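Data block below; observations after.
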Amino acid sequence: MTVRFDTPTHATPLQSTGASILMCAPHHFGVDYIINPWMENQIGRTETTRAREQWDNLRGHLSACADVSLVTPEAGLPDMVFTANAGLALDGSVVVSRFQARERRAEEPLFRLWFERQGFAIAPWPEDVPFEGAGDALPDRARRLIWCGHGWRSSRQAPALLASVFGWETIGLKLVDPRFYHLDTCFCPLPGGWVMYYRAAFDEESLATIRALVPPGRRIEVGEADALAFACNAVEVEGRVFMNEASAALRAHLSAAGFIAVVTPLTEFLKAGGAAKCLTLDVTRDA
Ligand code: ARG
């Protein structure tokens, strides 16, 4: 019997296509302090074995379609697993994060060392401008611009500085809900100009900006339940969108847009305020 199905527009057969992703094993992951609302009442409550399994599953999924590199985890840095916050890497250059969160500042030299060893050009960045990397700076290749979040962790000065470092246009979006403290928790640009986002995480002006740049037919608005399950915190590789959870409605919307939603539960990491996207950093260098 032949099973037939339509191949979504953005999806190609599973194979490594040159995308490179940085991850950090959760050996020292846990909730040891509170720097976002998700971490409240979660200190000491993560389950090591389940976290490891969930992380391994995500890594397995990604390894099937991308090259996954690893940075060595460090004891005492429970959030280092969230490599999205290592910095923003684009075309072989990187801005290493300058954490607003004091608890995470000791990660900076470790990530910097990894980028140096891989031959990335390290861009200068002012000491006093907080910037939490790809958590708050999302390249949109279809529009050749970088969507930047501010309001909780990264400075509103970051977009202008990133524009001068990378030569890409940058668009600042103000985050207003503390549960969606990094842009990647509520906003996800996808190939073909699609943008998946949760509107209540933004102020009116930012919503107007999104509407001005993304036509209605390219918007994938997610509801509150999907947003709270970190559906926007998704990693896209070759048309597959890896995420912690997705409602039937969201899967259908993604499918109609030409993507395949791949659910890979990351509930242990939600206790620290992160999911699929937070656990990865795109370190692809264009050939
Ligand atoms: N506990 C971490 C923090 O608050 C979670 C980081 C999630 N990362 C992300 N890119 N949204 O910094």
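The values are calculated or read from the model by the stated rules, or taken from the named source; none is laboratory data. These numbers were taken from a predicted model, which means no experiment stands behind them. With ideal geometry, Cβ positions are generated from the backbone for all residues, glycine too; neighbour counts draw on all protein chains shown.
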* Asked: Are there any pairs with C-beta distances below 7 angstrom linking a residue in the stretch 35-56 that is within 16 Å of the ligand (Cβ to nearest atom) to a residue that is among the acidic types (Asp, Glu), with the two at least 6 apart or on different chains, and if so which?
  -> 35/103; 43/32; 46/268; 51/268; 54/268
* Asked: Do we find a residue being touching a residue at least 60 places away in the same chain (Cβ under 8 Å), among the basic types (Lys, Arg) and away from the ligand (no atom under 16 Å from the Cβ) anywhere in the stretch 249-260?
  -> no
* Select, from 127, 169, the only residue that is under 16 Å from residue 99 (Cβ atoms), more than 15 Å from the chain's Cα centre (by Cα) and surrounded by fewer than 24 Cβ atoms within 10 Å (Cβ to Cβ). => 127
* Asked: Out of the residues in the stretch 100-120 that are touching an Asp or Glu at 6+ places or on another chain (Cβ under 7 Å) and touching a residue at least 40 places away in the same chain (Cβ under 8 Å), which is nearest to the ligand (Cβ to nearest atom)?
  -> 104
* Structure fact -> Of all helices (runs of 4 or more DSSP H) fully inside the stretch 193-287, the set with 2 or more residues that are polar (S, T, N, Q) and touching a Leu at 6+ places or on another chain (Cβ under 9 Å) is 204-213
* To do: State whether the residues of the stretch 56-71 include one that is touching a strand residue (DSSP E or B) at 6+ places or on another chain (Cβ under 7 Å), modelled with pLDDT of 95 or more and of a type in the set (D, E, K, R).
  => yes
* Of everything in the stretch 163-203 that's within 16 Å of the ligand (Cβ to nearest atom) and in contact (Cβ under 8 Å) with a residue 60 or more places away in the chain, which residue is nearest to residue 10 (Cα to Cα)? -> 188
* To do: Please give the strands (runs of 3 or more DSSP E) falling wholly within the stretch 47-111 in which 1 or more residues are surrounded by fewer than 21 Cβ atoms within 10 Å (Cβ to Cβ).
  => 67-70, 93-96
